[in-house]
């Protein structure tokens, strides 16, 4: 996990670079990783726009009328996808690549 704070065009921005735990990893290791990521996001709070980029090793499916997941992309979902959706819903974040048809 890497974090960079910057001021871009008058906006305070925090970019988080993430390489998440494999979906095959032990459940406790995944829980610890998710807890650390939640702590980092909570520390940033509403003081900055948060942009998370990286590899979450997730399949997050597609949903209609969902605040975190858009209606486009794949139908498959895995455990890491569920955890990513929960993280986004708890922190009012969006998984943007599912909001636009590719």
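What follows draws every value from the coordinates through simple rules; no lab data is involved. A quick note: this is a predicted structure, and the numbers were derived from the prediction, not measured. Backbone-built Cβ (ideal geometry, glycine too); neighbour counts: all protein chains shown.
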>> Please go through (1) under 21 Å from residue 1 (Cα atoms); (2) in a loop (DSSP other than H, G, I, E, B) for residue 75 and return the number of the only condition it doesn't satisfy.
In response: (1)
> Which number in (1) touching a strand residue (DSSP E or B) at 6+ places or on another chain (Cβ under 9 Å); (2) part of a loop (DSSP other than H, G, I, E, B) marks the one condition that residue 46 misses?
Replying inline: (1)
> Which residues, taken from segment 18-36, are under 17 Å from the mean Cα position of the chain (by Cα) and over 20 Å from residue 90 (Cβ atoms)?
Replying inline: 19, 22
> How many residues, within segment 37-77, are surrounded by 15 or more Cβ atoms within 10 Å (Cβ to Cβ) and under 21 Å from residue 21 (Cα atoms)?
Replying inline: 14
